[in-house]
Amino acid sequence: MTDTFVRPEWATLDIGKAEHRFVVTSGESFGDTDPATGALVAVVRSSTVDDVSDAVARANAAFSSSPWRNGGALRSRVLWRFAERLRANIDELAELLSREQGKSLREARTEVLAAANLTDYYAGLARSVYGRSMALGDTAHGVVLPEPLGVIAVITPWNWPLQLLMRSLAPALAAGNAVVVKPASLTPAITVRALSLLAADPDLPEGILTVLLGAGSVIGDALVEADGVDMICFTGESATGSSIMRKAATRIRKVALELGGKSPNVVFADADLDKAVAGALDAFLTTTGQICTAGSRLLVERSVAGEFVDALVARADALSLGDQLDPTTTLAPLVSGSQRASVEQYIDRARAEGTVLTRDRRPEGELSEGAFVPPTIVADLPMESAVVQEEIFGPVLTVHAFDDEDEAVALANGTQFGLAAGVWTRDVDRAWRMGRGIRSGTVWVNTYHHFYAETEVGGFGASGLGRQGGVQGLYEFTETKHINFDSKVTLW
Ligand code: NAD
């Protein structure tokens with residue numbers, strides 16, 4: 001491990017140390033590095049398997065004894081204040097996120113604001129967790145009540161570590177649960193730094209929020225199996241989600257799964273093509289392609305395919321790869337060297353099975369060993385190629401031409417995933433037909449990658465189970481109870 005810290009004051013962060021009382025870590029320390037330069041960002045302590053049972057026991061005790069589960073106003077107040085603290089600390093949080101994860105500073109600032117926005121939204125809903133009541137005959141009535149589930153395990157990925165965390169954590173807390181968070185082991189520092197602003201709130205009961213750190217295969221797995229967890233809310237790869245679901249099944253434990261994608265972005269000849277080129281670039285290159293909703297399969301109507309793809313390749317080849325905090329950089333590194341190696345394997349395969357249209361290049365000098373991969377656009381691949389079918393999680397776009405709407409829908413629905421899609425057309429009727437025909441949790445029309453706290457997201461098929469965001473995203477973290485009143489003792 002190098003001893004060069006990107007910011008000397010972060011050398012003392014020591015994430016997981018005793019003063020972070022909401023973080024339960026009694027294991028070994030590991031270094032957390034900047035993927036562009038390899039410099040140390042922070043030192044992080046890992047949790048142990050014993051820490052997992054302690055954390056879950058602590059969460060259960062807090063859930064049973066604190067005013068949290070019935071205190072909507074309390075929960076709302078705590079969440080509002082946290083959102084404000086996120087905004088007040090945006091400069092430091094965005095820099096730490098950018099250094100640790102590798103995303104551009106601009107995207108990191110967007111992410112901090114998105115996390116605050118989600119927190120605001122659920123702070124509002126925390127006071128309105130409504131049920132229903134109804135007459136059930138002359139002598140009876142029923143009250144149908146959403147109650148918090150109890151202890152929620154929230155397991156998060158590294159690509160949008162704050163926004164995706166708050167998409168699950170904010171509604172889980174707003175609904176009155178206690179939560180144990182296990183962030184990805186590539187992004188522990190930003191998670192703990194941000195959550196320390198929540199844990200510092202004097203009105204947050206001790207034990208309602210606990211964080212565990214360490215490898216998913218050890219600490220995540222122990223959390224999934226731990227006695228006393230009522231629900232697992234997982235965001236990550238489809239294969240990991242599937243194995244979590246199998247384990248949860250043995251205990252009949254509720255799961256919410258936000259998984260992978262291979263999203264189609266469909267461009268018709270009648271679209272505003274300049275706007276669609278910009279949208280297609282953003283769709284596959286946001287977070288350097290490491291985003292579950294990446295528009296990684298471009299489907300273009302054949303009559304404009306040549307000119308459209310030429311324009312896109314020219315834009316992609318003009319992007320500048322470099323340090324994520326350098327304002328002249330237009331394509332940031334990937335999260336790690338191993339992610340780069342994984343993406344490069346797919347690119348090798350794309351060269352063997354199809355035609356790579358973009359330039360191969362890497363930064364030179366001190367960044368030459370960094371986790372950089374250039375934007376890579378590939379044509380002539382068969383639909384069954386792994387490059388077309390599997391989630392790559394890097395800046396790789398496959399291109400296919402189609403002749404009519406039916407073919408476009410068939411190609412769009414031609415993978416196991418169904419997370420998101422884009423449609424570019426000036427024809428409103430066609431946009432509606434495509435929106436109904438494509439099987440995915442989100443369909444963007446003449447735009448891409450716009451997210452709102454108010455609207456649900458989630459997947460069809462292998463992209464997941466359940467919905468996050470919006471009102472439904474809060475009720476996912478509740479159990480429904482019917483309390484029945486009847487002045488007659490028996491029905492007969
Ligand atoms: P991952 O599945 O490797 O890890 C996600 C989390 O699960 C991490 O915290 C990890 O430590 C933990 N984990 C790993 N193995 C585990 C196990 N056996 N038991 C319990 N926990 C375990 O995913 P990743 O590489 O961190 O993230 C990238 C993936 O996440 C991509 O597939 C992407 O599509 C997906 N993702 C989905 C969404 C969505 O909203 N649908 C959003 C972002 C990312």
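The values are calculated or read from the model by the stated rules, or taken from the named source; none is laboratory data. Keep in mind that this is a model prediction, so the values were computed, not measured. Here Cβ is always computed from backbone atoms with ideal geometry, including for glycine, and neighbour counts include all displayed protein chains. Ligands, DNA and RNA are excluded from the accessible area calculation, which covers all protein heavy atoms including side chains. Shrake-Rupley method; radii C 1.70, N 1.55, O 1.52, S 1.80 Å.
If I ask for residues that are outside any loop (DSSP other than H, G, I, E, B) and either within 13 Å of the ligand (Cβ to nearest atom) or touching an Asp or Glu at 6+ places or on another chain (Cβ under 8 Å) (or both), which ones from the stretch 170-201 would you list? Those that are outside any loop (DSSP other than H, G, I, E, B) and either within 13 Å of the ligand (Cβ to nearest atom) or touching an Asp or Glu at 6+ places or on another chain (Cβ under 8 Å) (or both): 171, 180, 181, 182, 188, 189, 190, 191, 193.
Screening the stretch 61-159 for strands (runs of 3 or more DSSP E) wholly inside it with 1 or more residues that are open to solvent by less than 20 Å² (accessible area, probe 1.4 Å) and of a type outside the set (Ser, Thr, Tyr) returns the ranges 140-148, 151-155.
Residues in the stretch 129-144 that are small (Gly, Ala, Ser) and at pLDDT 95 or above: 131, 133, 135, 142. Looking only at residues of the stretch 206-255 that are acidic (Asp, Glu) and more than 10 Å from the ligand (Cβ to nearest atom), we find that the one that is least open to solvent (accessible area, probe 1.4 Å) is 230.
Taking the criterion of being of a type in the set (Gly, Ala, Ser) and at negative phi, the residues of the stretch 97-125 that qualify are 98, 104, 108, 114, 115, 116, 123, 124.
Entry remark, the stretch 319-329: residues being open to solvent by 40 Å² or more (accessible area, probe 1.4 Å), touching a residue at least 12 places away in the same chain (Cβ under 8 Å) and either among the small types (Gly, Ala, Ser) or closer than 26 Å to residue 299 by Cβ (or both) number 0 in total. Scanning the stretch 284-309 for residues that are of a type in the set (Gly, Ala, Ser) and either under 18 Å from residue 386 (Cβ atoms) or crowded, with 21+ Cβ neighbours inside 10 Å (or both) returns 289, 294, 295, 296.
Residues in the stretch 477-492 that are out of contact with any Cys (no Cβ under 8 Å at 6 or more places or on another chain) and under 25 Å from residue 173 (Cα atoms): 478, 479, 480, 481, 482, 483.
In the stretch 449-492, how many residues are within 14 Å of the ligand (Cβ to nearest atom), touching a Leu at 6+ places or on another chain (Cβ under 7 Å) and open to solvent by 70 Å² or more (accessible area, probe 1.4 Å)? Adding up the residues that qualify gives 1. Check whether at least one residue in the stretch 256-265 is more than 12 Å from residue 152 (Cα to Cα) and either of a type in the set (Phe, Trp, Tyr) or away from the ligand (no atom under 13 Å from the Cβ) (or both), and report yes or no. Yes, the stretch 256-265 has at least one match.
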